[in-house]
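The values are calculated or read from the model by the stated rules, or taken from the named source; none is laboratory data. For clarity, every value in this text was computed on a predicted model and none was experimentally measured. With ideal geometry, Cβ positions are generated from the backbone for all residues, glycine too; neighbour counts draw on all protein chains shown.
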Amino acid sequence: MKRKIIVASLLILAGLASLYLRPVEEFTRSGSAMNTVIRMTIHARDDSPLDDAYNLLHELDASLSMYNPSSDISRINSLAGKAPFTPGSPFTIEAVNDAMRLYTLTGGIFNPLIGAVTRLWKINRQDNARPSTESLDIAAKLTDTKNITINGGTIYLESEGCILDLGGIAKGYASFKIAELLKNEGVKSAIIDLGGNIYAVGSKPDGSNWRIGVRNPLKPYGVPMLVVDVHDCAVVTSGNYERFKTVDGKKYSHFFDPRTGESVMSDLLSVTVITPDGSLADGLATAFMISGIDEALKILRGMNDAPGVVFITQEGITATSNLRDIITSSEGQITFAEVP
């Protein structure tokens, strides 16, 4: 009996040794989730962390999606004005709290109750119409965050018609949670791409930083407008160059001011936010497309540790001063704005 135990132990040790002696290789997998195309590349001894990453991604999608009727978010919205709901996933409360943190940080420009407004606009339906002023006024009132109560493990929307919409941070939040999972599983080098929402895990296998291109909004499939060298952080871009609708010759973007319900189409073509916090990167990229550069810089200058931000307009590139050392190439001259 003792001999069998010894033999079994030796076999287990041999198996573990063979696992750790495997060379680190590159594994890539593509798919779809969160209404976008997904691509993840890891450097590891096997591809099992990708299985776990995709399982987590689909769990997050099933919890945070507005379009899945059984998701936590859909259940919360269906009970608006009726009853509190206890989410089945711990990620839901955390993501909602992240969204409320962004609401406070941006002075209400980022608003997780924007759903009543976005439902009216239906930006993906080219129906050649815009909502009436009266309907937008009603929808804007429903974005008042006094309507949301988070009490321990429950969430309650107090007015019927309120719609919780985490689309402005969901991919950023998901990328951060996946990055955490990969690091916990020993992955030291990876790129997570959730539809252009990038998270760089660690550095490249050779120890150098990841080089991430920021698209030229006027030529999105051409040479990047600039390149940043990063490690362990999110690089998230929002822009008005891909999704918009035209009504009576006027363009309307998919960015909406929750205070008025109106579509915002400013001179900003895109905003890219660079920071280790995926939710913060995603939410600020959305908020700054609504606020414009001046208001965005006021917000950034009020932060103790401001993220790096790139603003691209028809006139050129403005970047925050904390990006000076990581922008390695550019297709145009950059004006640097001082931030803490």
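Given the criterion of a type outside the set (G, A, S), surrounded by 11 or more Cβ atoms within 10 Å (Cβ to Cβ), under 19 Å from I198 (Cα atoms) and at pLDDT 95 or above, identify the matching residue among R45, R29.
On the way: R45 fails: under 19 Å from I198 (Cα atoms).
One residue alone meets the criteria, R29.
Residues are listed down the side, and each one gets a yes or a no for (1) in contact (Cβ under 8 Å) with a residue 24 or more places away in the chain; (2) part of a loop (DSSP other than H, G, I, E, B); (3) of a type outside the set (A, V, I, L, M, F, W, C):
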| position | (1), (2), (3) |
| --- | --- |
| I192 | yes, no, no |
| A200 | yes, no, no |
| D206 | no, yes, yes |
| G213 | no, no, yes |
| G222 | no, yes, yes |
| V236 | yes, no, no |
| R259 | yes, yes, yes |
Filtered residues of the stretch 218-237 (kept if at pLDDT below 95 and of a type in the set (S, T, Y)): Y221
Sole residue being in a helix (DSSP H, G or I), surrounded by 20 or more Cβ atoms within 10 Å (Cβ to Cβ), modelled with pLDDT of 95 or more and of a type in the set (D, E), chosen from D98, D52: D98
Per-region count, the stretch 196-239, residues out of contact with any helix residue (DSSP H, G or I) (no Cβ under 9 Å at 6 or more places or on another chain) and among the hydroxyl-bearing types (S, T, Y): 3
Which listed residue is of a type in the set (V, I, T) and under 22 Å from I198 (Cα atoms), from T260, T237, T335, T246: T237
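In the stretch 104-155, which residue that is among the aliphatic types (A, V, I, L, M) and under 20 Å from D248 (Cα atoms) is surrounded by the most Cβ atoms within 10 Å (Cβ to Cβ)?
As a first pass, look at the stretch 104-155 and keep what is among the aliphatic types (A, V, I, L, M): 105, 109, 113-114, 116-117, 120, 123, 129, 136, 138-140, 142, 148, 150, 155.
From the residues that got through so far, the ones that are under 20 Å from D248 (Cα atoms) too are 120, 123, 129, 136.
Numbers: L120: 18, I123: 16, A129: 12, L136: 20.
So the residue we want is L136.
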Flag for K245 being surrounded by fewer than 16 Cβ atoms within 10 Å (Cβ to Cβ), farther than 30 Å from E94 by Cβ, over 22 Å from the mean Cα position of the chain (by Cα) and among the charged types (D, E, K, R): no
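Taking A80, is it part of a loop (DSSP other than H, G, I, E, B), surrounded by fewer than 14 Cβ atoms within 10 Å (Cβ to Cβ), more than 23 Å from the chain's Cα centre (by Cα) and among the aliphatic types (A, V, I, L, M)?
No; evaluated as a whole, the condition is false for this residue.
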Pair list, Cβ < 7 Å and 6+ apart or interchain, from the stretch 326-340 residues that are at negative phi and assigned to a strand (DSSP E or B) to residues that are of a type in the set (S, T, Y) and surrounded by 16 or more Cβ atoms within 10 Å (Cβ to Cβ): T335/T318; A337/T318; A337/T320
Y173, sole failed condition from (1) over 17 Å from M34 (Cα atoms); (2) in contact with a Ser or Thr (Cβ under 9 Å, 6 or more places away or on another chain); (3) surrounded by 14 or more Cβ atoms within 10 Å (Cβ to Cβ): (1)
Filtered residue count, the stretch 139-179, keeping only those that are in contact with a strand residue (DSSP E or B) (Cβ under 7 Å, 6 or more places away or on another chain) and either modelled with pLDDT under 95 or in a loop (DSSP other than H, G, I, E, B) (or both): 2
G186 on the phi > 0 side of the Ramachandran plot, surrounded by fewer than 24 Cβ atoms within 10 Å (Cβ to Cβ), over 20 Å from the mean Cα position of the chain (by Cα) and touching a residue at least 60 places away in the same chain (Cβ under 8 Å): yes
Single condition P87 does not satisfy, out of (1) in contact with a Leu (Cβ under 9 Å, 6 or more places away or on another chain); (2) assigned to a loop (DSSP other than H, G, I, E, B); (3) surrounded by 16 or more Cβ atoms within 10 Å (Cβ to Cβ); (4) not small (G, A, S): (1)
Residue within the stretch 284-293 that is in contact with a Gly (Cβ under 7 Å, 6 or more places away or on another chain), under 25 Å from T118 (Cβ atoms) and buried (at least 23 other Cβ atoms within 10 Å of the Cβ) present: yes
